[in-house]
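Participant: What follows is a structure written as structure tokens; I'll ask about it next.
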Amino acid sequence: MPLQIKSRVNDTEKHSLDITALIFNNNKLYSASDDGKIKVWDKNLKLLDEVIAHPCSVFSITIGDNRIYSCSNDGFVKSWPLNNLQCEEIVLQEPNEMYKVNFNDGKLYVGDDAGLVRIFCKSTMVGVLEIMHPIADLLALGNLIYTARDLYVLVSEIHPGNIQIHNLLTV
């Protein structure tokens, strides 16, 4: 079955720098870019909304609790309601670059360049996991947190009052 291009973004509406993240939610595509913007598109790539989210690269976006969360090399993690993209809250401001955000099970997970994964519940930090390497990618599923860097994947299992860490190496 041959692939076909169904839609293209208008040159005047596309991001001006590289796209860093995509999320599809509720029949809308959200894109983040090195131009600092988050854009919202319909399924046919018609631009619906956009916001200058950060003064520099938006590294990662995630969706949860009817909000989009963004992080950047400016050290900020911000929250934006999906219905209007007005910055609702600065969840975190640190001197480190924030590399990845992931929302799962009512919690926001934020990974940075110093190897920390911060865990937030309703904008309150409830935990910090020290991974000891920059967080190139991050995925939280239930009580498991997967982090990646270069050839390594680290799986951390979180239990109240107890953290067990298992290392997995790619072959």
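Participant: Tell me, yes or no, whether the stretch 142-149 has at least one residue that is modelled with pLDDT of 85 or more, touching a Pro at 6+ places or on another chain (Cβ under 7 Å) and surrounded by 10 or more Cβ atoms within 10 Å (Cβ to Cβ).
Facilitator: yes
Participant: Could you grab me the full set of residues in the stretch 1-27 that are out of contact with any Leu (no Cβ under 7 Å at 6 or more places or on another chain) and under 22 Å from PHE103 (Cα atoms)? Talk me through it step by step, then tell me what you get.
Facilitator: Our first condition is that a residue be out of contact with any Leu (no Cβ under 7 Å at 6 or more places or on another chain); within the stretch 1-27, this holds for 1-6, 10-12, 14-21, 23-27.
Within the stretch 1-27, ILE19, THR20, ALA21, ILE23, PHE24, ASN25, ASN26, ASN27 meet the criteria.
Participant: Let me ask something additional. If the Cβ limit is 7 Å and pairs must be 6+ apart or interchain, which residue in the stretch 126-141 that is exposed (fewer than 14 other Cβ atoms within 10 Å of the Cβ) pairs with which residue that is part of a loop (DSSP other than H, G, I, E, B)?
Facilitator: GLU130/GLY115; MET132/GLY115
The values are calculated or read from the model by the stated rules, or taken from the named source; none is laboratory data. Worth saying up front: this structure is predicted, and the values here are computed from it rather than measured. Heads up, the Cβs are rebuilt from the backbone with ideal geometry, glycines too, and the neighbour counts pull from every protein chain shown.
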